[in-house]
Amino acid sequence: MLEDFRALWDTVLFTASGDHVITIGQLILVILLLIFGYMGSRFLGYLLGRRLAATKLRPDVIYVLKRIVFFAFLILVVITALGLLGIPITAFAFATGALAIGVGFGAQNIINNFISGWILMAERPIRIGDFIELDNATGVVEMVGTRSTRIRRSDGVHMLVPNSLLLERTVVNWTLIDMEIRTTVRVGVAYGSPVKKVAEFMLQAVTEQPETKAEPEASVVFEDFGDNALIFDAFFWCDVGGERALREIRSAIRFRISELFEDNDIVIAFPQRDVHLDSGAPLEIRLLNREANND
């Protein structure tokens, strides 16, 4: 039984260059090496990611290091497999050149996105965890892959954006340098309101919120005399990581402004029209009781 297995193991499949024979045993070893090498590459990247997660490195840096280790170990496994088969790497020089030309014409977009992915990982204009805006869509970057980038939009939907698109289009990165964002709350009050008090109450509502920054200081501007209201804008800075938090802060400030205005009898304006009837004769107006009219 053992001799039959050994004979099968040493069975020659074909002869490579330089009279090097390839047996069934060698082919099985190479296949096992590639399988376990791939699994080992992923496991090595997983261990590296867990070890680096305890450090202060950003998630995007950890992801790039994991990809580099994965591909480096996988290339080493492939080179070792070729050595077991007795095939030198130089034997693939012409074949890989012709293959590269063919692939270059047939898969330009794939190669473009692949190279763009590595550019994004190296230059890091977009990192994991950044809040970005692309083509009127906003969301958080969850993964920068070798072909596409996964973005979780503000409504929870996932977007897969080709990497080349992120380099070709204008991308607004809200958190590239820091988390500071300036925003505005606009309020219109009725004509005749005490404008100084209005500005004071709006500034109080802004500064009372713990999320607003003391520096730069918040300010309130009397913006304009509107058609139906006196327009005031409150400008302030805050540290947020996305649009949702910014909306919640503005909502809390509006609630507080409404409370302060209500306590001090300041009316928030609403659209209204004054109608003037120019008639030479007096205009008679009657108010009819509906129930009496029905009788």
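Worth a mention:
- Paramagnetic reach from residue 265 in the stretch 193-211 [backbone N under 18 Å; point 7 Å along Cα→Cβ]: 193-199, 201
- Cut-off 13 Å between beta-carbons: net charge of the residues surrounding residue 41, Lys and Arg +1, Asp and Glu -1: +3
- Simple spin-label estimate for residue 71 and residue 56 gives 2.9 nm between the two label positions (7 Å along the Cα-to-Cβ direction from each Cα).
- Estimated inter-spin distance, residue 85 and residue 142, nm [label 7 Å along Cα→Cβ]: 3.8
- Sorting 230, 47, 288 by the number of Cβ atoms found within 10 Å of their own Cβ, with the fewest placed first, yields 288, 47, 230.
- Charged-residue dipole, Cβ positions (Lys, Arg, Asp, Glu), the stretch 126-173 about Cα centre, Debye nearest 20: 160
- The ranking of 63, 38, 191 from fewest to most other beta carbons within 10 Å of each one's beta carbon is 191, 38, 63.
- For 170, 138, 184, order by how many other beta-carbon atoms lie within 10 Å, fewest first: 170, 184, 138
- Among the trypsin sites (Lys or Arg not before Pro) in the stretch 115-195, those placed in a DSSP loop whose Cβ has at most 16 other Cβ atoms within 10 Å are 147, 169.
Read-outs: derived from the displayed coordinates by stated rules, not from any lab. None of the values given here were measured: they were computed from a predicted structure. Positions of Cβ are backbone-derived with ideal geometry, glycine not excepted, and every protein chain shown enters the neighbour counts.
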